[in-house]
Amino acid sequence: MKVDCPSCNKLYNIPDERLPIGKKISFHCPVCKGPMELDLRSKSLRKDLLQPSQISKNRQSKSPPSSPNSVDGETSAQALKKRILQKLTDSLPPMPQIVFKAQEVMSNPNSSLKQLASLIATDQAIAFRVLKLANSAYYGMAGKVTSIGHATVLLGSKTLGEIIIMAGTSNLLGKALKGYRLKSEDLWRHSLAVGIGSRIISNQKAPELADDAFTAGIIHDAGKIMLDGHIFERKEAFEEVMSDGKQTFLSAEEKILGLDHSEIGSEICKTWGLPNTLTTAIRYHHYPSLSHGNKLAHIIHAADSIAMMTGIGNNIDNMLYHMEEGTKDFLGLEEKDVINIMGDLIQGIENLTEKMIKA
């Protein structure tokens, strides 16, 4: 259901299964804090919202749709999947080593700010950003911070980790993707929103995963970078599969390419040498129920769904994606929590963007 705020006209897409059918609810807009109200007591509305969703059934499928075309006893999609995976190492953009090292330092409870400072000092571009931010009006220290050590103490490990990871991935994720019809920065903004949302949820439900959650959220859609060219070459096939308005881009990927961006994203993480928990979470961020209880997969999935609801970094088929049944229960999230996370996510994007502009 589409819901717009009467005060600021911000439009939200709330999946039908989240709505408390038969009730009247009041809440505040996450953006302007203005009052909003939904009356879901109407019988006709109740009937419409309770119609079974074929889309939901499709998303629960454990195996991708098969292609009718065969090549030597193998579907063309399966053959294409092999070629994509075989070429992965040759065509994969490198991830800056500083991102991996920062992830290791941040994940180690015994690490210190001194270790982060030493790491930052090895990369001139990131060191410049850190010093610039520390001396910005945002922190009220203009011209007073002259060393990386002083800057790390002022900014703290959380902000330093964010700067390193964001600086290391922004070029990778900031390009336009013609196949996905994403403009420059669209994927980056959405990835940033999912990273922030994942950290918010993790801080509430699994604090020990907060740093991993931010990193995994940032790179959860990295597979799209590798698949974009293949999708653009088969634009007409994708348009045909999605012409009925019921197929998601994800299901079209599976049908035409033999794999989706979450699977290739998982392979990318393995090639980059990321920990198994991140690799698994990214593999199942659209189907966390298949992850054998990987909490990080559920966290990223929830954050991804909430980011889509806010409209940040819109995909062409956002309306067709829903939070998988069971994720809220798995994480202990209630509807009011989801609405609050939406507001915190939007505020977090604004705060972090302001910091990075100054950096």
Among helices (runs of 4 or more DSSP H) entirely inside segment 288-359, those with 1 or more residues being under 27 Å from MET242 (Cα atoms), out of contact with any Asp or Glu (no Cβ under 7 Å at 6 or more places or on another chain) and at pLDDT 85 or above are 295-310, 327-331
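Could you list all residues from segment 204-216 that are in a helix (DSSP H, G or I) and farther than 16 Å from TRP272 by Cα? Don't jump to the end; show me each part of the working.
First, the residues of segment 204-216 that are in a helix (DSSP H, G or I): 204-205, 207-216.
Passing the criteria: GLN204, LYS205, PRO207, GLU208, LEU209, ALA210, ASP211, ALA213, PHE214.
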Any residue at all in segment 152-164 that is surrounded by 21 or more Cβ atoms within 10 Å (Cβ to Cβ) and either on the phi > 0 side of the Ramachandran plot or modelled with pLDDT of 85 or more (or both)? yes
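The values are calculated or read from the model by the stated rules, or taken from the named source; none is laboratory data. Only a predicted model underlies this, so the values are computations on that prediction, with no experimental measurement involved. No Cβ is skipped: glycine too gets one built from the backbone with ideal geometry, and neighbour counts run over all protein chains shown.
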